[in-house]
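Take a look at the structure below.
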Amino acid sequence: MERLRTPAAMRAWADARRAEGARIGLVPTMGYLHDGHVSLVRVARGAGSEAVAATIFVNPTQFGPGEDFEKYPRDEARDLAMLDAAGVDAVYLPGVRDMYPEGHQTHVEVRTVSQGMCGAARPGHFRGVATVVAKLFLAAKPHVAVFGEKDCQQLAVIRAMTRDLDFGIEIVGAPIVREEDGLAMSSRNAYLSGDDRIAARCLSRGLFRAKELFGKGERDAGALVAAAGAAIEGEPRAKTEYAEGRDPVTLAPLSGRVDAVTILVAAKVGPTRLIDNITLGK
């Protein structure tokens, strides 16, 4: 597995793979990997990628004031070992100065789909996401890029940006990978311990309750969202940030009777912010 530290090195690797006729798959990450990230590598291979590159970069521009950029978990040696074992061909590990050189003044903003939910809770977050992903795309030159469906709004932002800017890259969403107790895998789960770890199950418990109701014939978006939100509201250690029903394709808000809906939730459990979602009627 090759380790690449600069945009020029990443571009050179990508140019060489394209010259060989290889289809390049890209798996962008912020590191501190778990089995959910490894599943993205498998999805990239399954999408026909002969060469798979992963990226590890904790992107400062997607963190707001008072957020956890400095304490975000990092373990480069462990991450590299996991990617090597997963069969990744190259890993791109740029530094902050490589990605944002002195005088950097250009940003990418995707407007409508970034509004509300995490966009409201974390102003500027999706501008940082779109900017860094655009830069990763330009360096890695992938044919396909894989992102987890747990970050549902982020996936929609990246799809819109890729379409609007004519990147010509296939964007693939990979299913959420969960712990045995239902908690969606996340690097931030490392912050959870003791009672907070147990309490965190309220997010998935609420989503599974909505799924149960949908299976029994409930089709009112408000009722389904209320069921998901009630599980979080009923957990004393959790504070609901949002619970919403959105169109599975456009993420437009939904109300009334629906044939399909994505329910997205976010909450703080202790000091840890968690997100989760489920699509019903997909």
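Descriptive notes on the structure:
- Residue within the stretch 65-73 that is surrounded by 21 or more Cβ atoms within 10 Å (Cβ to Cβ), in contact (Cβ under 8 Å) with a residue 40 or more places away in the chain and of a type outside the set (S, T, N, Q) present: no
- With respect to the stated conditions, Ala145 fails to be small (Gly, Ala, Ser) and without any contact (Cβ under 8 Å) to a residue 60 or more places away in the chain.
- Restricting Leu155, Leu213, Leu203 to those that are assigned to a helix (DSSP H, G or I) and under 21 Å from Arg42 (Cβ atoms) reduces the list to Leu155.
- Condition check for Ile176: β-branched (Val, Ile, Thr), under 30 Å from Val91 (Cβ atoms), assigned to a loop (DSSP other than H, G, I, E, B) and within 18 Å of the chain's Cα centre (by Cα): yes
- Checked against (1) in contact with a Ser or Thr (Cβ under 9 Å, 6 or more places away or on another chain); (2) of a type in the set (Asp, Glu); (3) not in a loop (DSSP other than H, G, I, E, B), Asp181 passes all but condition (3).
- Residue, surrounded by the most Cβ atoms within 10 Å (Cβ to Cβ), within the stretch 1-32, restricted to residues that are part of a strand (DSSP E or B) and over 22 Å from the mean Cα position of the chain (by Cα): Leu4
- Taking the criterion of being over 26 Å from Ser193 (Cα atoms), part of a loop (DSSP other than H, G, I, E, B), in contact (Cβ under 8 Å) with a residue 40 or more places away in the chain and of a type outside the set (D, E, K, R), the residues of the stretch 235-282 that qualify are Thr250, Leu251, Gly281.
- Among the residues of the stretch 184-200, the ones that are without any contact (Cβ under 8 Å) to a residue 40 or more places away in the chain and either hydrophobic (A, V, I, L, M, F, W, C) or not in a helix (DSSP H, G or I) (or both) come to 2 in all.
- Selection within the stretch 96-134 - without any contact (Cβ under 8 Å) to a residue 40 or more places away in the chain and charged (D, E, K, R): Arg97, Glu102, Glu109, Arg111
- Of all residues in the stretch 79-121 being touching a strand residue (DSSP E or B) at 6+ places or on another chain (Cβ under 9 Å) and not aliphatic (A, V, I, L, M), the one that is farthest from Val43 (Cα to Cα): Gly116
- Subset of the stretch 33-45 [surrounded by fewer than 21 Cβ atoms within 10 Å (Cβ to Cβ) and in contact with an Asp or Glu (Cβ under 6 Å, 6 or more places away or on another chain)]: none
- Which listed residue is aliphatic (A, V, I, L, M), more than 16 Å from Glu149 (Cα to Cα) and surrounded by fewer than 20 Cβ atoms within 10 Å (Cβ to Cβ), from Ala238, Ala200, Ala252, Ala227: Ala252
Results for (1) buried (at least 18 other Cβ atoms within 10 Å of the Cβ); (2) hydrophobic (A, V, I, L, M, F, W, C); (3) not assigned by TED's automatic domain parsing to the domain that holds Ala8, shown as yes or no for each residue.
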residue	(1), (2), (3)
Asp89	yes, no, no
Tyr92	yes, no, no
Arg97	no, no, no
Pro101	no, no, no
Val113	yes, yes, no
Phe126	yes, yes, no
Val129	yes, yes, no
Val133	yes, yes, no
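- Screening the stretch 52-105 for residues that are assigned to a strand (DSSP E or B) and touching a Gly at 6+ places or on another chain (Cβ under 7 Å) and picking the one that is farthest from Gly119 (Cα to Cα) gives Val52.
- Filter result for Ile198 (within 14 Å of the chain's Cα centre (by Cα) and modelled with pLDDT of 95 or more): no
The values are calculated or read from the model by the stated rules, or taken from the named source; none is laboratory data. These numbers were taken from a predicted model, which means no experiment stands behind them. Using ideal geometry, Cβ is built from the backbone for each residue, glycine included, and neighbour counts are taken over all protein chains shown.
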